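Below is one structure; the comments refer to it alone.
The values are calculated or read from the model by the stated rules, or taken from the named source; none is laboratory data. Since the structure is predicted, the reported quantities are computational estimates derived from the model, not experimental observations. All Cβ positions, glycine included, derive from the backbone under ideal geometry; neighbour counts span all protein chains shown.
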Amino acid sequence: MEPKNTPNQVNKKSRGRPRAWDDKTAQNTIKSLDRAMEVFEFLSEAQGKPLSTLAADLGQSPATVYRILVTLEGRGLVEFEAAEQLWHIGPRAFVIGARFLKRTSLVERARPIMRRLMEQTGETANLGIERGGHVLFVSQVETHASIRAFFPPGTLSLMHASGIGKALMAQMEEVRLDALMSHAAMERFTEHTLTERSALMADLAATRARGFALDAEERNIGMRCIAAPVFDMHGEAVAGISVSGPTSRVGTEQIAGFSACVIAAARALTQAVGGSPQDP
């Protein structure tokens, strides 16, 4: 006689998904649901479309798309504007998205991305946000090299002499940027620190154009930092991710390769928190 499963064993097996169904091949997918999600995702990117256009763009029959839309409408995920005969994303979609945001932690989601960035470049990866006109470092993954940058969580740095700070400043609206530059001290740390407003503004313009900021020994002689902004769902820069290291390892010849890795990491984190990546 085979032993019966205890309640704990049954519950353990039923959590998540059955072990025998770990694969995601066609046998374990619901085609109708997959088709419905395709319609839903397409509508989220192409708001305000008539049925005929949706069906043509998706390559599906109007009857099929209509049944999907009506089903989603019943759940509040889409809504129909009768006057213009247009379909839109519904309020329930926002509610579900808001629940995702509640469980989204910038620092937690950044850790694997930062670790990968450190492994790709061999240099310390940093994550920072803007607080009170300063960069507040909230996470760091250190390189294994003996000589390395060190910005433990809680460290504050003036924005004009920081790679992350300049990456964030470059994305600010003019009014906010003017207010920040008017109240923040433009302290000189090295001979390379940009303390003149015109020089800093020119550097920020270059940062926006190329998609990354460069701290070229502006805070500490012998140290270089490359940073890129992370965006939220509104397309606003809410954080910056960077790599920092000695100029002996992060030389001018490494900037192109390292900056590509940093930009890719910033994009990955932007997507991980439900944000909208911005093109330079």
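For the range 272-279, state whether one or more residues are touching an Asp or Glu at 6+ places or on another chain (Cβ under 9 Å), of a type outside the set (Val, Ile, Thr) and modelled with pLDDT of 90 or more. Spell out how you get there, then give the answer.
Keep residues of the range 272-279 that are touching an Asp or Glu at 6+ places or on another chain (Cβ under 9 Å), which gives 273-276.
Applying the additional criterion that residues be of a type outside the set (Val, Ile, Thr) yields 274-276.
Next, from what is left, pick out any that are modelled with pLDDT of 90 or more: none.
Among the residues of the range 272-279, not one is touching an Asp or Glu at 6+ places or on another chain (Cβ under 9 Å), of a type outside the set (Val, Ile, Thr) and modelled with pLDDT of 90 or more, which makes the answer no.
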Residues of the range 33-90 being in contact (Cβ under 8 Å) with a residue 12 or more places away in the chain and among the small types (Gly, Ala, Ser), which ones?
Ala36, Ser44, Gly48, Gly76, Gly90
Test result for Phe137, assigned to a loop (DSSP other than H, G, I, E, B) and either crowded, with 20+ Cβ neighbours inside 10 Å or among the small types (Gly, Ala, Ser) (or both):
no
Of the numbered conditions (1) at pLDDT below 90; (2) of a type outside the set (Phe, Trp, Tyr); (3) not assigned by TED's automatic domain parsing to the domain that holds Leu33, Ile129 fails exactly one; give the number of that condition.
(1)
Evaluation of Ala202 against (1) out of contact with any helix residue (DSSP H, G or I) (no Cβ under 8 Å at 6 or more places or on another chain); (2) under 25 Å from Pro246 (Cβ atoms); (3) surrounded by fewer than 19 Cβ atoms within 10 Å (Cβ to Cβ); (4) at pLDDT 85 or above (one fails), failing number:
(2)
Which of the residues spanning the range 103-148 are out of contact with any Lys or Arg (no Cβ under 9 Å at 6 or more places or on another chain) and small (Gly, Ala, Ser)?
Ser105, Ala110, Gly128, Gly132, Gly133, Ser146
Can you tell me which residue within the range 223-266, out of those that are farther than 23 Å from His134 by Cα and of a type in the set (D, E, K, R), is surrounded by the fewest Cβ atoms within 10 Å (Cβ to Cβ)?
Glu253
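So which helices (runs of 4 or more DSSP H) stay within the range 8-108 end to end and still have 1 or more residues that are loosely packed, with under 11 Cβ neighbours inside 10 Å and modelled with pLDDT under 85? Reasoning before the result, please.
Numbers: elements: 31-45, 51-58, 62-74, 91-103.
Ranges flagged: 31-45, 91-103.
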